[in-house]
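Structure record follows, encoded as C-alpha cells.
The values are calculated or read from the model by the stated rules, or taken from the named source; none is laboratory data. The model shown is predicted, which means the values in this text are computed figures rather than measured ones. Glycine gets a Cβ as well: all are built from the backbone with ideal geometry, and neighbour counts include every protein chain shown. Surface areas here come from the heavy atoms of the whole protein model, side chains and all, with no ligands, DNA or RNA. Shrake-Rupley method; radii C 1.70, N 1.55, O 1.52, S 1.80 Å.
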Amino acid sequence: MPESTRSQEPLIVIVSNRGPYSFTANEDGTFDIQRGSGGLVTALGALAEKHEVLWVASAMSKDDRAWAEQHQGTAVDVDDIFLRLITPRARQYELYYNVIANPLLWFIQHELWNIPRTPSITADTWRAWKRGYTAVNRQFAEAIAESIGDVQRPVIVLPQDYHLYLLPAFLRDLVGDRVQIQPFVHIPWPGIDAWRILPGQMRDEILTSMLKSDRVGFQTTKDAFNFVQNCRFYLPDVHSRGTRDTLFHGGKETRALAYPISVDVERTQRLVEEPQTKLLKSQLISVIGDQRLILRVDRIEPSKNILRGLEAFATLLDSYPEYRGKVKMLALLVPSRLEVDEYQDYLRDIMAQAGLFNAQYSDPFWEPIRVIVGDHYHRAIAAMQLYDVLLVNPIADGMNLVAKEGVLVNEKDGSLILSEHAGAFYELHEDALVVSPFDVHGTAEAIHQALSMPPEERRLRAENLRSVVQNAGVQHWFDDQVRDALAAFASHVSSSSTSSTPSANKSAASPTDAGAPSPTTATPKE
Ligand code: ADP
Ligand code: G6P
C-alpha cells in the first residue's frame, strides 16, 4: 500500500507478550526468524500482513534480547510489521511470565486449580506481582507511549491477553485520552467464583486497570458478561445499565463486547498449496496407511484435556474392538511453558499414558497412538487435511483455532468433536459432535458416532462447518474492533470542538515516524 494512502489510516498498535517472530542469533551477527506459536500469533500475524501495524512484544529469549539490543529500542520493519521488543531483565520476566501470567492467571481463567491444595499465594507470589507482572506491564506502557510519540492521526492500541491486564492503567496515565485503548482477552473470563482465588488487591488492580480502556474485547458474550459481573461485584461504584455491556465508573464508560476470533481463510487455504505442506502430507499418508485417523493438534497444555482424549480412545477400543487395527490416533503436540511445573508434569503424563495404551492395545501390525512433539505449522495443516475425526475437547478454551483451521482444510468430510467449553462451540456446535470434556464415555461414543456416520451426513456437516468459518474470517474480527474504535474517535471529535483528539483527516506522520522512534531514541530503561 502506498505511504500516502496509508498515512490517512489509523495507526494500529498491537501489544502482546509473544511477538509474531522469535529470533535465533547466527555467529555473523545476523538472525534467523521463526514464526511465533499459539492462537494469538496465528490470528494477528495474518492481519499484520494487510495493515500498517506497530507490534510491541517482549523479548522471550536471550537471542530475542540480542536482536532487540541490536536495534536499540527502535521499531524495525520485519516482513512488513514494525516490530519493537521490550527487554525486561531475565528475572523480572521470569516472575511476570512463569509465576503470575502462567500459571496463576491462566489457571484461574481456565479454572484449572485444585483448590484444596493449590495455589498458595506466598510472599514470593506478591513479590512476583510487584516486581514482575506490574513492572513488565509498566515497561510495555512506556515503550508504547514513546513509540507513538506525537503521532497526529488516530492511534488504536490493542493489548492482547492476560499478560497485559495492568497496561491500560499505565498507558492511560502516560498518554491520556488521545488514544483508544482496546484490550482483547483471548482466554475465557470466568465468573466471580473463579476470581475469588486471586487476593482482592490483585483482582481490583486488574479490574480497575481494564476499566481505563475504552472497550474490552472477549471471545464470547458469556466472557463479556462475566467481566461485567466481576466489575460490578468486586469494585465499588461501578454500574451497568440497559444491555449490560457498558460499565459506568467515575464519569467514564467502558464497553465489554464479544469479537469471536477466527483464522485467515485465504492464508490458511494457501498454506495447503505450499510444497512443504504437500511433502509433509504425503509422509503422513504413509504413516496412516489405510487406517481411519483421529487427530488432535494442541499445545501441551493442561486445559486442552489431552489425557482424557487418550482415555476416550482407549474406551472406544474396549467398547468397540472392531476398530482395533483399523483406527489410529495421531497427536501433534507443541511443547509449551515447560518452565512451569504443571506443564512438565503434563507432558510426562501424556507420554506415559500414550506409551501404556500402545503397550496394551498394539499388535505386530498396528500402533494405535502416535504422538509427535514439535512446533511445525505446515505439518499441522497437512494432518488436518487428512483426519476422519478431529478431537477438540478442552476443559476450557477462549476460542480454539484448531477447530476452525481443521474444518477449513479437511479433505475427507471429517467430523469435528467439540467440547462445549471451547469458545468455538458457539459458532460450530450445530454441525459438530458436542461433548462434555469431562465425559470420557461420552467422548468415546462421539468418536464411534463419527466413525460410523453415513457418508452423506458427514459431507453435509463438514460443508456447513466449512462455510461458517469461510464466512467469518479473522478480517471480520479485526475490522469490527477497528470500526468500533474509529466510531469512538468520530464521536469524540464531534462532541468536542476544542479537543486535541487526533482526527483521521489531519495530515499524518509517515509510517516510520508513527511506528518507529528515531534511531537515537534510548532503549526503555530496564
Ligand atoms: P492456543 O492459542 O491455546 O494454543 P489455538 O487452537 O487457538 O490454541 O491456536 C493454536 C495455534 O497453534 C493454531 O494455529 C494451531 O494450528 C497451532 N498449532 C497447534 N498445535 C500445533 C503443532 N503441533 N504444530 C504446529 N502448530 C500447532
Ligand atoms: C494462547 C494464549 C496466547 C499465547 C499462546 C501461546 O493462545 O492466549 O496469549 O501466546 O497461548 O502461549 P505462550 O505462553 O507460548 O505464548
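Data table
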| item | result |
| --- | --- |
| Residue check, Gly325 in contact with a Leu (Cβ under 6 Å, 6 or more places away or on another chain) and at pLDDT 95 or above | no |
| Test: residue in region 279-292 that is in a strand (DSSP E or B) and open to solvent by 40 Å² or more (accessible area, probe 1.4 Å) | yes |
| Exclusive hit being within 15 Å of ligand 2 (Cβ to nearest atom) and either open to solvent by less than 10 Å² (accessible area, probe 1.4 Å) or not aromatic (Phe, Trp, Tyr) (or both), set Pro321, Pro302 | Pro302 |
| Members of region 174-201 found to be open to solvent by 10 Å² or more (accessible area, probe 1.4 Å), farther than 27 Å from Ser262 by Cα and touching a residue at least 12 places away in the same chain (Cβ under 8 Å), listed by number | Leu174, Val175, Asp177, Arg178, Ile192, Ile197, Pro199, Gly200 |
| Selection status of Leu316, surrounded by 19 or more Cβ atoms within 10 Å (Cβ to Cβ), in contact with a His (Cβ under 8 Å, 6 or more places away or on another chain) and either at pLDDT below 95 or not in a strand (DSSP E or B) (or both) | yes |
| Any hit, region 72-80, residues being open to solvent by 50 Å² or more (accessible area, probe 1.4 Å), within 22 Å of the chain's Cα centre (by Cα) and within 19 Å of Leu11 (Cβ to Cβ) | yes |
| Conditions (1) in contact (Cβ under 8 Å) with a residue 60 or more places away in the chain; (2) open to solvent by less than 30 Å² (accessible area, probe 1.4 Å); (3) not in a helix (DSSP H, G or I): number failed by Pro260 | (2) |
| Residues satisfying the stated conditions in region 245-279, i.e. away from ligand 2 (no atom under 16 Å from the Cβ), within 22 Å of Glu427 (Cβ to Cβ) and of a type in the set (D, E, K, R) | Asp245, Arg255, Glu266, Arg267 |
| Some residue of region 145-158 being more than 16 Å from ligand 2 (Cβ to nearest atom), open to solvent by 10 Å² or more (accessible area, probe 1.4 Å) and within 22 Å of the chain's Cα centre (by Cα) | no |
| Selected residue [surrounded by 17 or more Cβ atoms within 10 Å (Cβ to Cβ), within 24 Å of Ala488 (Cβ to Cβ), under 25 Å from the mean Cα position of the chain (by Cα) and at pLDDT 95 or above] from Ala135, Ala169, Ala128 | Ala169 |
| Test for Ala359: is it of a type in the set (Gly, Ala, Ser), modelled with pLDDT of 95 or more and away from ligand 1 (no atom under 12 Å from the Cβ) | yes |
| Any hit, region 234-242, residues being aliphatic (A, V, I, L, M) and at pLDDT 95 or above | yes |
| Checklist (1) assigned to a helix (DSSP H, G or I); (2) within 16 Å of ligand 2 (Cβ to nearest atom); (3) in contact with a helix residue (DSSP H, G or I) (Cβ under 6 Å, 6 or more places away or on another chain) applied to Gln92, failing item | (2) |
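Yes/no per residue for (1) in contact with a Phe, Trp or Tyr (Cβ under 8 Å, 6 or more places away or on another chain); (2) at pLDDT 95 or above:
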| position | (1), (2) |
| --- | --- |
| Glu3 | no, no |
| Ile12 | no, no |
| Ser16 | yes, yes |
| Gly19 | yes, no |
| Gly39 | no, no |
| Thr74 | no, no |
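Rundown of residues vs (1) among the basic types (Lys, Arg); (2) within 16 Å of ligand 2 (Cβ to nearest atom); (3) open to solvent by 10 Å² or more (accessible area, probe 1.4 Å); (4) in a helix (DSSP H, G or I), yes/no style:
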residue	(1), (2), (3), (4)
Met351	no, no, yes, yes
Leu391	no, no, no, no
Pro437	no, no, no, no
Ala444	no, no, no, yes
His448	no, no, yes, yes
Glu456	no, no, yes, yes
